[in-house]
1. State to the nearest 20 debye the size of the charge dipole of the stretch 139-283 about its Cα centre, where the only charges are +1 on K and R beta carbons and -1 on D and E beta carbons.
2. Give the residue from Leu222, Phe236, Gly289 lying farthest towards the positive end of the charge dipole for the stretch 174-325; charges sit on Cβ (+1 for Lys and Arg, -1 for Asp and Glu) and the dipole is referred to the Cα centre.
3. Quick check: at a probe of 1.4 Å, how many percent of the accessible area of the stretch 467-511 sits on carbon and sulfur atoms?
4. Please report the accessible area of Ser515 (heavy atoms, 1.4 Å probe, ligands and nucleic acids excluded) in Å², nearest 10.
5. Which of the peptides 520-527, 131-138 is most tightly packed, and how do the rest follow, judged by the mean count of other Cβ atoms within 10 Å per residue?
6. Which sequence of Asp309, Asp500 reflects their accessible areas, 1.4 Å probe, from the largest down?
7. In nm, what is the difference between 0.36 nm times the number of residues separating Lys99 and Glu261 and their Cα-Cα distance?
8. How many angstrom separate the Cα center of the stretch 293-363 from the Cα center of the stretch 161-200?
Amino acid sequence: SLPRGAAAPQPQTPSPHGDATSGLGRETRGGGTHGSGAAAAAAATAIRAAAEMPVDYSKFKDIEDSDEEPVWETKAGKKYRGLPPKALEALDEAAGRLKTRKCYCFFDFATDPEKLKPYAQELAQNGAAAPAGRRLGRVVVELDQAGHAPKLCENFRSLCTGERGFGVGGSKLQYKERRLDLILPRFCVQASIPNEYSCWGSYLEDEHLRIPGVSFDRPGLLAVGNHGANTNTCTFMITLHAAEHLDGFNQIIGRVVRGMEVLRIIEMLPTDRKERSFAEKNVKTWWGGKPAVDVIIEDCGEVPEEDVDLGPPPDGDVFPAHAIDWSASYDPAALLEAQEQIRDIGNRHFKEKSYLVALEKYKKAQGYLAGDQGYLEPLLRTQHLDEFGDQDVTTWMAGGMRPKDRTDVVRADLTVKLNVCQVMIALQEWQGAIAMADAVLLELVGKHSKKGLGALPNDPLTVKAFFRRARARVGLSGVKGEVTQLEEAIEDLKQALLVDPGNKEVQRELGQVQSKQRQADDVGKAVYKSMLQAHDSEGKEG
C-alpha cells in the first residue's frame, strides 16, 4: 500500500466527518467555530467588508457551517455552484499573468521555546537542540512551475498575501497565523486553511501532474494537497525527502530556494507520533503527526524578485547546511566531493585567521561524512556496515583500524578532525585539541593494540596527530595552575619521528620542547635547592 500522503489514484468523496487527521496530501481539519449565530453574523460582516476585493464572497453569507462537517458537506454547501463569471475571469487573468514572471513567496515560522523545554531529551535523541528563541527563521519558495500549473500557483500566492479576503467557509484566505497541521520527519511538513476550497471557491483541477524532468525526487519541493483526482485545495506541503510515491498524484508547484535549514529544525520538533512517516532500513521507523507545540506561520507573503539573492556566498560555500539537501540519495561520490570543497573553504578561512568561521566549515564537512542529524545515513556508518563486516573481533576491540579499512571516507573524516584540532590550537583551546588528536590516534593506532609488534601506522595522518597533540600539550603546560605535560609532548614527537624520521618540522619542534623541559627542570632544581637551604638554616637555629 502507498505510504500516507499519497492521494488515491481514483476520485474520492470526503466523508461526512472530513479527513480530520488522516494523512498527507489530504486536507486537515482545524480550528474555526462557525456554528453559532453570532459567529455567522461576524463572518457575514467580514465578507461584506471584502466586497471590493477582486473576488466577492458576500453571496455566501447564508451558508451554514458547523464544527462537525466541512462547509462542502452542508446542505447549502452542496447547492453552491461557484463564483460569478466575472470573479472567475479575474482570477484566471491573474493566473495567466503569473506564467510570464518569476514569483517568490516566504514563510516566517515561530514556536514557543518555553513549551519545548519538557521535550529536550527527545530532541537530543534525534540529534537536535531546542530553538533558542521564538523565531525559527524564514523559508523562501519559488513558484517555478507556474507555466505548468498557473491556477494552483496563483492560488498559493494569493493565500500567502491574503489579498482575496474571506472564503466560502468564513475563514481568512491566508496562511498567516496558521499552525502547521503535520510534521512528518523525513517526509514533509503540511499546513492548510480549514473548511475552505480555494480562492476560486471550489476544488481546483489537476493541471499537469507529470511535468517532464520534475519529480518528487528531492527535498524542498512545494506541492498541493488534495482529496483525490481534481480536488486540489488550500493545503500545501513541503517535502523533507524524496517521495516518488506522490508522482502523478500531487501537483508540484515550486521549490525552496532559501531556508531548508529552518525546515530541518522544524522536522525534529516533537509531535504526537500518530503517523508513521518513514521506515529507515537498518536504523529506525520515524513517526510524526500533529506538533506537540504549535509551529506558527507568523508571517507570509510575496517577495519581490530583486529582494531575493540567489547568488553564491562571498566564500563560495554553496552547499546546504545538511547533507541530505545536497544529495537525497546519499551518493558517496557527491558527498565526498562536497565535504572536500567545504574543507578547502575552511582552510582558506584558517589562513585568513578567521578561526571561528573555519571551525564552522570543518564541522559542516564532518556532517557530510558522519551525519549532522540523527536521521541521516552518513557515509561512515554505511561503510562500516558494508565493508568492515569481516573485521576480526580482536582487531576492533583493540580500537584500531586495519590499513585496508582506511578508505577515502575514513581518511577524509580523520583529516577533518585534525583540521578541527589545528583550529583549537589557534584558539588556545588546549584540552579540546588534545581530545581531538586522541580521537584520531585511537582510530589509527588503537587503545592497546599489539599488531605488528607495536609498530605505528606508516601514515602521514599519524605524524600530524602526534605533532598537533604535542603542540597542544605544550600550550596547556604554559597555563597557570595546569600540570605540565612537556614530557608527554616530547614522547609524542619521538613517536612521530619513528614514523617519519626525516621530518624537519617535527625535529625542530622536538628541540624546542626539550629546551623548555630543561629550563623547567633548572627552575625546579633551583626551587628545590632553596627549600633545602631554608630547611638547613632552620635546623641550625634550632
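The values are calculated or read from the model by the stated rules, or taken from the named source; none is laboratory data. The model shown is predicted, which means the values in this text are computed figures rather than measured ones. Every residue, glycine among them, receives a Cβ derived from its backbone with ideal geometry; neighbour counts consider all protein chains shown. Accessible surface areas use protein heavy atoms only, side chains included; no ligands, DNA or RNA. Shrake-Rupley method; radii C 1.70, N 1.55, O 1.52, S 1.80 Å.
1. For the stretch 139-283, the charge dipole is close to 340 debye.
2. The listed residue farthest towards the positive side: Gly289.
3. Carbon plus sulfur share of accessible area: 47 percent.
4. 40
5. Highest mean packing first, the order is 131-138, 520-527.
6. Values: Asp309 115, Asp500 60 Å².
From most exposed to least exposed: Asp309, Asp500.
7. 55.4 nm
8. 30
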